[in-house]
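Q: Below is one structure. I have some questions about it.
All of the numbers you see were taken from the coordinates with simple rules; none came from a lab. In this text the structure is predicted, and so the values were computed from the model without any measurement. Cβ atoms come from the backbone with ideal geometry, glycine included; neighbour counts cover every protein chain shown.
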Amino acid sequence: MFTGIIQAMGRLRESRQMGEDRRLRIDTDGLDMTAVRIGDSIAVNGCCLTAIEVDEQGFAADVSIESLTRTTLGRLSPGDTLNLEPALTLATPLGGHLVSGHVDGVGEVVLREPAGRSEHWRFRAPPDIAHYIATKGSIAIEGISLTVNAVEAATFDVNIVPHTAAVTTFGDYQAGQPVNLEVDLVARYLERLLQGSEIAGQGGVSEALLKRSGFMGER
């Protein structure tokens, strides 16, 4: 698990094809690697990867064809800048929200414009995950925990403060940039619970129960 608070920006040193999979070698730059061991998880642009080699410069990780297909990792080139976050521990402040590192789909930057000292950004989500995104809910974009300000169909808006733009890859992104999206865990599990109650046809968690309990309003 992760928090969506980026700890450092790294750089892709090498991307080597290994059959249908790929091995990435990543220079971690400002990320403290002293406590990282082989087998540990590190989120790279929001994707949970397992370190199979670790040295003073960084680490190597294998990326399956599934991850290459469902994320932007397969589009990376040596020299590209990356958002890095080591796995959450019990001593880590939960400054963002709970992020699994399991990317749901690839979205796209639609708009980037000034908004006072901050920036207003608009993203387009794939249709199959857009319904999970809610106003004032949480979403991880390229591994960064952000609050959704507005939703319209498959597009949604966030604000990026100057600090976030400076310490993440967002400083380099413009309209058309593909981005990894991970929706809030609660939304996914809630939908599954609702589906289960509909299949069972009795008891359990249902939309009617959630409305009666005050968790949902009328649409």
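Q: List pairs: first in the stretch 153-182 and part of a helix (DSSP H, G or I), second loosely packed, with under 12 Cβ neighbours inside 10 Å, Cβ under 8 Å, 6+ apart or cross-chain?
A: P162/R117
Q: Filter the stretch 92-101 down to the residues that are more than 20 Å from G30 (Cα to Cα) and loosely packed, with under 15 Cβ neighbours inside 10 Å and list them by number.
A: L94
Q: When only residues in the stretch 115-134 that are buried (at least 18 other Cβ atoms within 10 Å of the Cβ) and not basic (K, R) count, which is nearest to R188 (Cα to Cα)?
A: Looking only at the stretch 115-134, we keep the residues that are buried (at least 18 other Cβ atoms within 10 Å of the Cβ), and these are 119, 121-123, 125, 129-130, 132-133.
Adding the requirement that they be not basic (K, R) leaves 119, 121, 123, 125, 129-130, 132-133.
Values: E119: 29, W121: 24, F123: 20, A125: 15, I129: 9, A130: 12, Y132: 7, I133: 10 Å.
This residue is Y132.
Q: Could I ask something else about it? Tell me, which residue of the stretch 135-150 that is within 17 Å of V186 (Cβ to Cβ) and surrounded by 15 or more Cβ atoms within 10 Å (Cβ to Cβ) is nearest to the chain's Cα centre (by Cα)?
A: Taking the stretch 135-150 and keeping what is within 17 Å of V186 (Cβ to Cβ), we get 135-140, 145-148.
Next, only the ones that are surrounded by 15 or more Cβ atoms within 10 Å (Cβ to Cβ) stay: 137-140, 145-146, 148.
Values: G137: 14, S138: 10, I139: 7, A140: 4, S145: 7, L146: 10, V148: 13 Å.
Among residues in the stretch 135-150 that are within 17 Å of V186 (Cβ to Cβ) and surrounded by 15 or more Cβ atoms within 10 Å (Cβ to Cβ), the one nearest to the chain's Cα centre (by Cα) is A140.
Q: May I ask you to verify whether R192 is basic (K, R), out of contact with any Lys or Arg (no Cβ under 8 Å at 6 or more places or on another chain) and surrounded by 14 or more Cβ atoms within 10 Å (Cβ to Cβ)?
A: Working: basic (K, R): yes; out of contact with any Lys or Arg (no Cβ under 8 Å at 6 or more places or on another chain): yes; surrounded by 14 or more Cβ atoms within 10 Å (Cβ to Cβ): no.
No, not satisfied.
Q: Are there any pairs with C-beta distances below 8 angstrom linking a residue in the stretch 53-70 that is closer than 23 Å to L31 by Cα to a residue that is surrounded by 12 or more Cβ atoms within 10 Å (Cβ to Cβ) and aromatic (F, W, Y), with the two at least 6 apart or on different chains, and if so which?
A: E53/F59
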